[in-house]
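Only one structure is covered here, and it is reproduced in the block below.
The values are calculated or read from the model by the stated rules, or taken from the named source; none is laboratory data. The shown structure was predicted, so the numbers you read here are calculated from the model rather than taken from an experiment. Quick reminder, even Gly has a Cβ in these numbers, built from the backbone with ideal geometry, and neighbours come from all protein chains shown.
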Amino acid sequence: MKIQLEHRQSSCPQKLRCIACRQIFAVGRVRSLLVNDEDRIQGDLCSKCVRLTADEIRLILTEQVWLMLEQPQLFQHQVESPETLALELFEVALEDLEIPSSYQRLMKTLESYLFFNRDNDRSIGAIADSTQSPWHHNY
Ligand SMILES: [Zn+2]
């Protein structure tokens with residue numbers, strides 16, 4: 001498995017639940033997705049959990065598996081059954097984990113500031129439209 005860095009799209013919710021610590025966290029400009037070896041996204045990691053070592057993350061995931069099997073009622077809101085999730089997460093926890101370097105993370109964040117300002121572009125467009133119409137009325 002690996003942690004894949006992705007720009008946060010405007011369609012992505014502002015807050016997500018961390019796959020490792022289960023806490024709700026505010027998503028920054030760059031998402032840290034935990035992806036298994038078959039390229040299946042397992043979930044997002046919060047800003048605290050991305051700082052952990054590969055072994056620590058695998059240990060937390062294994063604890064999640066125990067929790068899912070022992071207290072499945074905590075996971076009933078999920079689309080899949082807790083048993084299916086537990087099995088999948090257990091397989092993930094056994095895989096080697098590739099963590100992006102802090103340099104890669106920094107580059108992705110910079111990229112987001114430089115090229116991913118879609119919301120700003122849209123508001124500039126809206127200002128241009130609103131300043132144009134009165135000008136057109138004068139003629
Ligand atoms: Zn976390």
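Could you list, in sequence order, all residues of the stretch 93-108 that are crowded, with 16+ Cβ neighbours inside 10 Å, within 17 Å of the chain's Cα centre (by Cα) and either at pLDDT below 90 or in a helix (DSSP H, G or I) (or both)?
Hits for the stretch 93-108 are 105, 108.
Could you check how many residues of the stretch 52-91 are of a type in the set (Asp, Glu), farther than 15 Å from residue 19 by Cβ and modelled with pLDDT under 90?
1
Which numbered condition trips up residue 5, out of (1) at pLDDT 90 or above; (2) out of contact with any Lys or Arg (no Cβ under 6 Å at 6 or more places or on another chain)?
Of (1) at pLDDT 90 or above; (2) out of contact with any Lys or Arg (no Cβ under 6 Å at 6 or more places or on another chain), only one is false for residue 5: (2).
Looking at the stretch 1-83, what strands (runs of 3 or more DSSP E) fall wholly within it and have at least 1 residues that are away from the ligand (no atom under 15 Å from the Cβ), within 24 Å of residue 110 (Cβ to Cβ) and charged (D, E, K, R)?
2-7
Filter the stretch 61-99 down to the residues that are among the charged types (D, E, K, R) and in contact (Cβ under 8 Å) with a residue 12 or more places away in the chain, then identify the one that is farthest from residue 46 (Cα to Cα).
Among them, the one singled out is 83.
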